Amino acid sequence: MRRNSLATRLFFSATAWVVVILTLTGFALSSVYRNATERAFDRRLNLYLRNLVAEVATPDEPPDHQFQSLGEPLFELPLSGWYWQITRTDTDKAEVRASRSLWDKKLPKLEDKGAELTAAGVRVAYVDGPEGQELRMAERPVDLGTDGKFLVSVAGDASEIDEETRSFDYYLGSTFTALGIVLLLTTIFQVRFGLAPLKRISEAIADIRSGRAERLEGVFPVEIAPLARETNALIDANREIVERARTHVGNLAHAIKTPLSVIVNEASAHGIDPFAAKVLEQADMMRDQVARHLERARIAARVTIVGTVTEVAPAVEALQRTMGKIHRDRSVTIEVKADPKANFRGERQDLEEMVGNLVDNACKWATARVFIEVMSERAAERGEGPMLRIIVDDDGRGLSAAERAQVSRRGQRLDESKPGSGLGLSIVVDLAALYGGSLSLSDAPIGGLRAELRLPAV
């Protein structure tokens, strides 16, 4: 699995926050609703309680008319869960009157359960009912002076509170689940399309680096537009720096070339003088060193240019035709097998200089055949880019390990009868190193020397 992207981290972070917030909100709303349901249930109990207290306070009412104003049929249904009870507490033997629903059972005293008396003189708590039901019970002591002291109690089935709360929780959970899904889909939409401009910029920069584009093009949101503008400004500044470096290198080359030419001309006029011969020798060395370092500076300046890409196959095929004409007197056959999709991340003239030196060297030493193969390789490790392999084989005599090390050094030649200055392979090594590549020498399958050039590809 690829490493976590910004979009993935944002999505999971948003998902976690949505789940946490909806869960906490659900618990809070459920608690608030239960409290509201309990308060409504308590108001109902208090209504019955006040009616009972009023009945107790009017003892002159005929017994068959007492407690008829409650208006609740459940008080008549045995063990219905709704009960009332009036207990006289100022006599040694308690007198108890109760609803028919209570049958022969009794309600407990909330005072014995530890319930506190409120400022209104009422105690409210949950208790266990006669049939094991959970009851919500309210009781109030009543002092009628000489008429006696009473404890009036009313209880209702608390399952009504639980059922109301469960029903609310069900609808709340369904609503929040749907809301959560909508929020997550909205988050996915926002993350996907909100970060799309950043993905476009990333792809555009990759195109610039690979040479498929020169600038960030297109319209970006106002939040991203400054980034695109500054990136384009950085690319322009980089090009300006490279151009100035090229100009300075050219000026330095011309500034040094003229004095060296004067020195060489003056020394050549006194060719028989040992001193003049020494000056000519040192001037040649100076000219060689200056040319080498100026060439390195020129190449280094070109390498820093962003977005330069060269198609390899056309360049190699052009070299095949050129080298075939140069070495036609030796009847050397040059074969090419090139991947048409291979691209070099660099300038064409540098590629031609490197491959040209290798092919020219192979043609000089080959007996009858030179084989050139071009292929692209994917990155071997994460963080590395693709590489280009250019292999040049010849069927000549080949080189020993010591000879391979010698020819890679600048100015070293194994056979003075062969034309050249001995600078070819060292130039290839220098150029490849500046591009982050390498040159290796080994035995070729067709019998001679194999030169394998590895360069950055696209």
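Taken residue by residue, segment 98-105 has at least one member that is within 23 Å of L74 (Cα to Cα), at pLDDT 85 or above and part of a strand (DSSP E or B). Evaluate the following for V242: is it surrounded by 14 or more Cβ atoms within 10 Å (Cβ to Cβ), in contact with a strand residue (DSSP E or B) (Cβ under 7 Å, 6 or more places away or on another chain) and either closer than 23 Å to A457 by Cβ or modelled with pLDDT of 80 or more (or both)? Criteria not met by V242.
Annotation note: Cβ proximity below 6 Å between a residue of segment 431-452 that is more than 14 Å from V370 (Cβ to Cβ) and a residue that is in a helix (DSSP H, G or I) and not hydrophobic (A, V, I, L, M, F, W, C) (sequence gap 6+ or interchain) occurs for L431/D350; L441/R404.
Here E203 does not qualify as among the acidic types (D, E), part of a loop (DSSP other than H, G, I, E, B), exposed (fewer than 15 other Cβ atoms within 10 Å of the Cβ) and under 23 Å from the mean Cα position of the chain (by Cα).
Once segment 214-243 is narrowed to residues that are charged (D, E, K, R) and assigned to a helix (DSSP H, G or I), the residue that is nearest to R200 (Cα to Cα) is R229. The number of residues in segment 142-174 being surrounded by fewer than 16 Cβ atoms within 10 Å (Cβ to Cβ) and outside any helix (DSSP H, G or I) comes to 4.
It is to be established whether one or more residues within segment 116-123 are modelled with pLDDT of 90 or more and more than 56 Å from the chain's Cα centre (by Cα). Taking every residue of segment 116-123 in turn, at least one turns out to be modelled with pLDDT of 90 or more and more than 56 Å from the chain's Cα centre (by Cα). Checking each residue in segment 117-171 for being in contact with a Leu (Cβ under 6 Å, 6 or more places away or on another chain) and farther than 19 Å from S99 by Cα picks out R123, A125. Test L185 against the criterion of being in a helix (DSSP H, G or I) and more than 30 Å from W17 (Cβ to Cβ), and give yes or no. No, not satisfied.
The values are calculated or read from the model by the stated rules, or taken from the named source; none is laboratory data. The structure displayed is predicted, hence computed values, not measured ones. All Cβ positions, glycine included, derive from the backbone under ideal geometry; neighbour counts span all protein chains shown.
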